[in-house]
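As structure tokens, the structure follows; a few thoughts come after it.
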Amino acid sequence: IRVANLAIELAKRFQNRSKNWKQFVTADALVYRHWTQPLVANVDPSLYLYEQFLKQGKLDDAFQSVALYIYTYYFAGLHLQPLLKDMKAMCALQWQYGSKLRVLHMLPLFQLVMNLSGQSNDILDMYNGEAMDYRNMIGWGDDKGRCGEVAQWSYSLHLYVYCEEWGKANEMYDKLINEDIGFLRSFPMWHCRIFFFALVAMHNASTSKGLKRHKWNKAIEKHMKLMRMWVLERKAINLVHKLQLLNAVQLTLKRPYPKDEILMAAFDKAILVASRAGFFQDAALAAAHAARAVEKPMTKLDYATFAQQAYNKWGALGVVRHLAENEVLHREAADQSDPHLSSKFMGALRSKDRLRESSSRIISELQR
């Protein structure tokens, strides 16, 4: 990671040297910098790479750089609406230039963002929608094979956990558990997959008994071992709040069942760290789990209120509607919140409102 950062600094100083060298060094370095720097810090460098490659007429490298921007943006927890606009523009441009394979790679995340933001007919359907229309035009499953299907399973796992559709999440877990992600193990998508694996395993352990529960406890320990190694040994700063959330959820598996005060202290820690770092999706996820974990009715309602507000802050309006319709989040939550969480957490949300309206400049750049 130190070498990667040094390489980027050297690349900036050698303004008159090989442009190819500078751009490729920067691209390679960004793969590793997320371990010790906030994910959002890699968004603008990815756009810089796109601009430089575009000036050189290297369309494929430019498209690859924008793909890096899009994935980094999503995992950084920035507001979904500007990302959705960028992805629509990007897919249209790649289609125009005949880069159909790159379009196929982007479609699973494109459809996920459509569903999360409430801009699809069925939030749980990842195989039909505006993004998937490109597949029909390309002929997915014919000459191109089923490119992007494993990524689709992975993003479906995200969606089903956010929507608390645990049966569907478990189906994705079974499909993905033996899939090797290869060199992408260095990317945030692998870390998030393990994070969601752990949440699914914990849910299954909480609803199982005997040998099945023992099986899921072993799975939990396997996933938690990886998360702890990344945070404690490799100092992965973008995973700290995720590990805190998993630690809090794991408390709910203990017997005798912990008191509300113990659970609240654990969940509050995860919520505060996620909120202050701008990971609204994880703050919402932690609050939703806390709402199920605690026993006091008003505290449940207050956590549910915060989860609703954090999902709104992320732009996941589809998730809010789905959870409300299924009575996972109370429809009346926003009207009945007591001041405990609103004073403790909402300031953290407001102080880290990282709507990237400036990201819309990529649209005008792409359309030039």
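The values are calculated or read from the model by the stated rules, or taken from the named source; none is laboratory data. Small disclaimer: the values here were computed from a predicted structure and weren't measured. In this analysis, Cβ positions are derived from the backbone assuming ideal geometry, glycine residues included, and neighbour counts consider all displayed protein chains. Heads up: the accessible areas ignore ligands, DNA and RNA and are worked out on the full protein's heavy atoms, side chains in. Shrake-Rupley method; radii C 1.70, N 1.55, O 1.52, S 1.80 Å.
Considering only the range 100-129, state which residues are open to solvent by 10 Å² or more (accessible area, probe 1.4 Å), among the hydrophobic types (A, V, I, L, M, F, W, C), modelled with pLDDT of 95 or more and out of contact with any Gly (no Cβ under 7 Å at 6 or more places or on another chain).
LEU124 - this is the single residue of the range 100-129 that is open to solvent by 10 Å² or more (accessible area, probe 1.4 Å), among the hydrophobic types (A, V, I, L, M, F, W, C), modelled with pLDDT of 95 or more and out of contact with any Gly (no Cβ under 7 Å at 6 or more places or on another chain).
For the range 307-319, which residues satisfy the criterion of being assigned to a helix (DSSP H, G or I), open to solvent by less than 20 Å² (accessible area, probe 1.4 Å) and under 14 Å from ASN115 (Cα atoms)?
TYR311, TRP314, GLY318, VAL319
Within the range 131-181, how many residues are open to solvent by less than 30 Å² (accessible area, probe 1.4 Å), part of a loop (DSSP other than H, G, I, E, B) and touching a helix residue (DSSP H, G or I) at 6+ places or on another chain (Cβ under 6 Å)?
Qualifying residue count, the range 131-181: 5.
When the range 235-286 is examined, which residues are found to be of a type in the set (Phe, Trp, Tyr) and farther than 17 Å from PHE75 by Cβ? Before the answer, list the steps.
Here is the first cut: in the range 235-286, the residues of a type in the set (Phe, Trp, Tyr) are 257, 267, 279-280.
Across the range 235-286, the qualifying residues are TYR257, PHE267.
Can you tell me how many residues within the range 296-306 are surrounded by fewer than 24 Cβ atoms within 10 Å (Cβ to Cβ) and either part of a loop (DSSP other than H, G, I, E, B) or of a type in the set (Ser, Thr, Tyr) (or both)? Steps first, please.
Of the range 296-306, the ones surrounded by fewer than 24 Cβ atoms within 10 Å (Cβ to Cβ) are 296-301.
Checking which are either part of a loop (DSSP other than H, G, I, E, B) or of a type in the set (Ser, Thr, Tyr) (or both) leaves us with 296, 299.
Number of matching residues: 2.
State which residue pairs qualify: first residue among the acidic types (Asp, Glu) and inside the range 80-96, second residue part of a helix (DSSP H, G or I) and open to solvent by 10 Å² or more (accessible area, probe 1.4 Å) in any location, beta carbons under 7 Å apart, and separation of 6 or more residues or different chains.
Cβ pairs passing all conditions: ASP86/ILE363.
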